[in-house]
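First the structure, in the form of structure tokens, and then the observations on it.
The values are calculated or read from the model by the stated rules, or taken from the named source; none is laboratory data. In this text the structure is predicted, and so the values were computed from the model without any measurement. So basically every Cβ, Gly included, is an ideal-geometry build from the backbone, and we count neighbours across all protein chains shown.
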Amino acid sequence: MPKVEPILKDVGGRPHWGKLNTLTRADFSALYPRFDEFCALREQLDPQWHFGSDYTRRVFG
């Protein structure tokens, strides 16, 4: 993905945020206008991270 992500960015593409990638939460916030709202809702519905993983903690945490 590190080789593909710059190409996607150059042409206005964005990765599926549920798939593994190297982007940060800040990157996703820039790509998806309501991403921070989603993160707040995720925190409200699963504050104990029962449905979390290392990846989702990195991206949504």
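Would you be able to say whether some residue in the range 25-36 is surrounded by 10 or more Cβ atoms within 10 Å (Cβ to Cβ) and in contact with a Gly (Cβ under 9 Å, 6 or more places away or on another chain)?
For the range 25-36, residues surrounded by 10 or more Cβ atoms within 10 Å (Cβ to Cβ) and in contact with a Gly (Cβ under 9 Å, 6 or more places away or on another chain): present.
Would you tally the residues in the range 38-61 being part of a loop (DSSP other than H, G, I, E, B) and of a type in the set (D, E, K, R)? It would help to see each step written out before you state the result.
Here is the first cut: in the range 38-61, the residues part of a loop (DSSP other than H, G, I, E, B) are 46-53, 61.
Retained after the next criterion (residues that are of a type in the set (D, E, K, R)): 46.
Residues flagged as part of a loop (DSSP other than H, G, I, E, B) and of a type in the set (D, E, K, R) within the range 38-61 amount to 1.
Would you please name the residue that is nearest to Pro2 (Cα to Cα), looking only at residues in the range 13-37 that are part of a helix (DSSP H, G or I) and charged (D, E, K, R)? Write out each step before concluding.
Of all residues in the range 13-37, those part of a helix (DSSP H, G or I) come to 25-31, 35-37.
Subsequent filtering for residues that are charged (D, E, K, R) retains 25, 27, 36-37.
Working: Arg25: 16, Asp27: 14, Asp36: 24, Glu37: 26 Å.
So, considering only residues that are part of a helix (DSSP H, G or I) and charged (D, E, K, R), the one nearest to Pro2 (Cα to Cα) is Asp27.
Could you list, in sequence order, all residues of the range 1-24 that are within 10 Å of the chain's Cα centre (by Cα), surrounded by fewer than 13 Cβ atoms within 10 Å (Cβ to Cβ) and at pLDDT below 85?
His16, Gly18, Lys19, Leu20
Would you tally the residues in the range 1-37 being touching a residue at least 12 places away in the same chain (Cβ under 8 Å) and of a type outside the set (Asp, Glu)? Don't jump to the end; show me each part of the working.
Quick first cut of the range 1-37, residues touching a residue at least 12 places away in the same chain (Cβ under 8 Å) only: 1-2, 5, 14-15, 17, 20-25, 28, 31-32, 35.
Subset that is of a type outside the set (Asp, Glu): 1-2, 14-15, 17, 20-25, 28, 31-32, 35.
Qualifying residue count for the region: 15.
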